[in-house]
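I have placed the structure first, in the form of structure tokens, so that the comments after it can refer back to it.
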Amino acid sequence: MSTTLLPTIDEVWSWLAEVPDPEIPVVSVTELGIVRDVRYEDEMLVVAVTPTYSGCPATAVIDLMIENKLREMGVADMRLERRLSPPWTTDWVTKVAREKLKAFGIAPPIDGTASDGMSAKAARLSGQNSLSVACPRCGSIHTERISQFGSTPCKAAWRCKDCLEPFDYFKCI
Amino acid sequence: MPEVETTADVVANDPIMTDAALRPAFFEWLCRLGDNTLILGHRTSEWCGHGPVLEEDIALANTALDLIGHTQMWLGLAGELEGEGRDADTLAYLRDVMKFRNILLVELPKGDMAVTMMREFLFDAYHHLLLTWLSSNSSSPRVAEIAAKALKEVSYHLDRASDIVVRLGDGTAESHRRMQDALELLWPYTGEMFKADEVDERLSDAGVAPDLAHLRGAWESNARDILEEATLTMPDPAGYAHLGGKQGRHTEHLGFILAEMQFLQRAYPGASW
């Protein structure tokens, strides 16, 4: 079989851009930045995927969805590779995806605010949470954190003090 | 993305993974890391559906999930290193009590919220230092990449645990009393984190792991800061320490965890779904 019959790397990326995240289906796996590499080893297509959180139950589902998509597009010879480093960071979530998250009711991550393990102390000492997250519904920044942990590993629970709605914040790592 | 390729190549060519002389000690050491996160993850998961408020229930379940994720990476690497066909599941579900290498601190019953959160804090403060060292200094790129991944999550665990220790310690008379009791109950189990044996020394000599005695100073100073802020009295760091977990000598509590965790694989060997 001639290699010219194989789909191009760009074509594969465009197909992967149609695979939604199973828990937040408005964004795709490429927009989340978890597809790290697409390449051929001889005629075998290799897709490197990095987990968001190490225990995230969606990881296995994402692998399956990627595999199904590529099979549907006619790729027969493929391998998925788990890549741990560099570890996933919310900085890789694309600008477009951030707008989609907001429209979906999830406040997008604020870059550079990942925890260093001492940020709670800094917040206590300053008497307030230094993070200012805008409510995705009404836009108010008069909001408060209810918990650092939310409905999925990647989110924290927040509440708007103006429109009183609770909302998810896509926390930084 | 050339920089990603380089990282992948470095990781694939880990010289420590092929050092046959180091292998037995390296395997033991990886089991210690994986068993600590497995058993603490299991203990923490016992709160699922029983948390005092919904947000705490969810936070504890998320923490447990992260720890089980770390277990899959550490025990997965241990199995790969051993090269005898055991994966993370086999190691978690088919070893008996004496083969577990977790420290005693993590197997103690979850107790009340004070015991649960004080243990999280004492362990997280150590875990955070250990992973920080491993991610930037370990001579094994495979170990360093797992540590870097886990560190991001453990940073949030330490944030939350520190915050709650301060809030409950410096809270009501009742919450203060419970936190001080929890601290005194757990304190004699913290010494094991820093007590190096032959395995720790071999790994430290090979540059894979830190000198545990070295971590102790930073841990004590971080712990003291938070405990003082929480108006709690830190017990004597040089006091008595319960030892043995890292070598497989456990308290009576571990067997009960395994009886529950391993039941399915024991009753229906090889069952999968």
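Go through the range A:71-94 and give me each residue that's among the hydrophobic types (A, V, I, L, M, F, W, C) and in contact with a Lys or Arg (Cβ under 6 Å, 6 or more places away or on another chain).
Listed by number, the list holds a single entry, A:Leu84.
Consider A:Thr89 carefully, then state whether it is out of contact with any helix residue (DSSP H, G or I) (no Cβ under 6 Å at 6 or more places or on another chain) and free of Cβ contacts under 8 Å to residues at least 12 places away in the same chain. So that I can check it myself, show each step before the final result.
Working: out of contact with any helix residue (DSSP H, G or I) (no Cβ under 6 Å at 6 or more places or on another chain): yes; free of Cβ contacts under 8 Å to residues at least 12 places away in the same chain: no.
When the stated conditions are applied, A:Thr89 does not pass them.
Taken over the range A:39-50, the criterion of being crowded, with 22+ Cβ neighbours inside 10 Å and either assigned to a strand (DSSP E or B) or not hydroxyl-bearing (Ser, Thr, Tyr) (or both) is satisfied by A:Val47 alone.
Test B:Val154 against the criterion of being at the interface with chain A (Cβ under 10 Å from one of its Cβ atoms), hydrophobic (A, V, I, L, M, F, W, C) and within 30 Å of B:Asp9 (Cα to Cα), and give yes or no. Spell out the reasoning first.
Values: at the interface with chain A (Cβ under 10 Å from one of its Cβ atoms): yes; hydrophobic (A, V, I, L, M, F, W, C): yes; within 30 Å of B:Asp9 (Cα to Cα): yes.
Answer is yes for this residue.
Within the range A:7-20, the presence of a residue that is surrounded by 15 or more Cβ atoms within 10 Å (Cβ to Cβ) and either within 14 Å of chain B (Cβ to nearest Cβ) or of a type in the set (Asp, Glu) (or both) is excluded. Return yes when A:Val61 is modelled with pLDDT of 95 or more and surrounded by 13 or more Cβ atoms within 10 Å (Cβ to Cβ) and no when it is not. No: the conditions fail for A:Val61. Residue check: A:Glu67 meets all listed conditions (1) acidic (Asp, Glu); (2) within 17 Å of B:Ala150 (Cα to Cα); (3) in contact with a strand residue (DSSP E or B) (Cβ under 7 Å, 6 or more places away or on another chain) but one, namely (2). Quick check: anything in the range B:87-94 over 30 Å from B:Glu229 (Cα atoms), more than 14 Å from every other protein chain (Cβ to nearest Cβ) and either of a type in the set (Lys, Arg) or buried (at least 18 other Cβ atoms within 10 Å of the Cβ) (or both)? Looking through the range B:87-94, at least one residue is over 30 Å from B:Glu229 (Cα atoms), more than 14 Å from every other protein chain (Cβ to nearest Cβ) and either of a type in the set (Lys, Arg) or buried (at least 18 other Cβ atoms within 10 Å of the Cβ) (or both). When the range A:58-77 is filtered for residues that are under 17 Å from A:Val35 (Cα atoms), touching a Leu at 6+ places or on another chain (Cβ under 8 Å) and of a type outside the set (Val, Ile, Thr), the ones remaining, listed by number, are A:Asp63, A:Glu67, A:Lys69, A:Leu70. Can you name every residue in the range B:216-253 that is touching a residue at least 60 places away in the same chain (Cβ under 8 Å), in a helix (DSSP H, G or I) and either surrounded by 18 or more Cβ atoms within 10 Å (Cβ to Cβ) or touching a Ser or Thr at 6+ places or on another chain (Cβ under 6 Å) (or both)? Answer for the range B:216-253, where residues must be touching a residue at least 60 places away in the same chain (Cβ under 8 Å), in a helix (DSSP H, G or I) and either surrounded by 18 or more Cβ atoms within 10 Å (Cβ to Cβ) or touching a Ser or Thr at 6+ places or on another chain (Cβ under 6 Å) (or both): B:Trp219, B:Asn222, B:Ala223, B:Ile226, B:Leu227, B:Gly245, B:Lys246. Taking strands (runs of 3 or more DSSP E) that fall entirely within the range A:60-173, which contain at least 1 residues that are more than 9 Å from chain B (Cβ to nearest Cβ) and farther than 28 Å from B:Arg167 by Cα? Per the criteria, A:78-82.
Regarding A:Gln148, is this residue within 28 Å of B:Ala218 (Cβ to Cβ), modelled with pLDDT under 85 and either touching a Cys at 6+ places or on another chain (Cβ under 7 Å) or not acidic (Asp, Glu) (or both)? Here the answer is no, as A:Gln148 does not meet what is asked. Considering (1) surrounded by fewer than 18 Cβ atoms within 10 Å (Cβ to Cβ); (2) farther than 23 Å from B:Asp57 by Cα, the lone condition that A:Arg159 does not fulfil carries the number (2).
Provide a single number: the residues in the range B:48-71 that are of a type outside the set (A, V, I, L, M, F, W, C) and part of a helix (DSSP H, G or I). Give the steps one after another, and end with the answer.
Keep residues of the range B:48-71 that are of a type outside the set (A, V, I, L, M, F, W, C), which gives B:49-52, B:55-57, B:62-63, B:66, B:69-71.
Cutting the leftovers down to part of a helix (DSSP H, G or I) gives us B:55-57, B:62-63, B:66, B:69-71.
Here the count works out to 9.
Okay, residues lined up against (1) in a loop (DSSP other than H, G, I, E, B); (2) away from every other protein chain (no Cβ under 12 Å); (3) in contact with a strand residue (DSSP E or B) (Cβ under 8 Å, 6 or more places away or on another chain); (4) touching a residue at least 40 places away in the same chain (Cβ under 8 Å):
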site	(1), (2), (3), (4)
B:Ser135	no, no, no, no
B:Ile164	no, no, no, yes
B:Met179	no, yes, no, yes
B:Ala182	no, yes, no, yes
B:Leu186	no, yes, no, yes
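B:Leu105 meets all of the listed conditions (1) away from chain A (no Cβ under 14 Å); (2) more than 14 Å from the chain's Cα centre (by Cα); (3) part of a helix (DSSP H, G or I) but one, namely (2). Scanning the range A:43-78 for residues being in contact with an Asp or Glu (Cβ under 9 Å, 6 or more places away or on another chain) and either among the acidic types (Asp, Glu) or not assigned by TED's automatic domain parsing to the domain that holds A:Ser14 (or both) gives a total of 2. If you filter the range B:110-121 down to residues that are assigned to a helix (DSSP H, G or I) and either of a type in the set (Asp, Glu) or touching a Leu at 6+ places or on another chain (Cβ under 6 Å) (or both), you find that the one that is nearest to the other protein chains (Cβ to nearest Cβ) is B:Glu120.
The values are calculated or read from the model by the stated rules, or taken from the named source; none is laboratory data. All of these numbers come straight from a predicted model, not from anything done at the bench. Don't worry about glycine lacking a Cβ; one is built from the backbone with ideal geometry, like all the others, and counts go over all protein chains shown.
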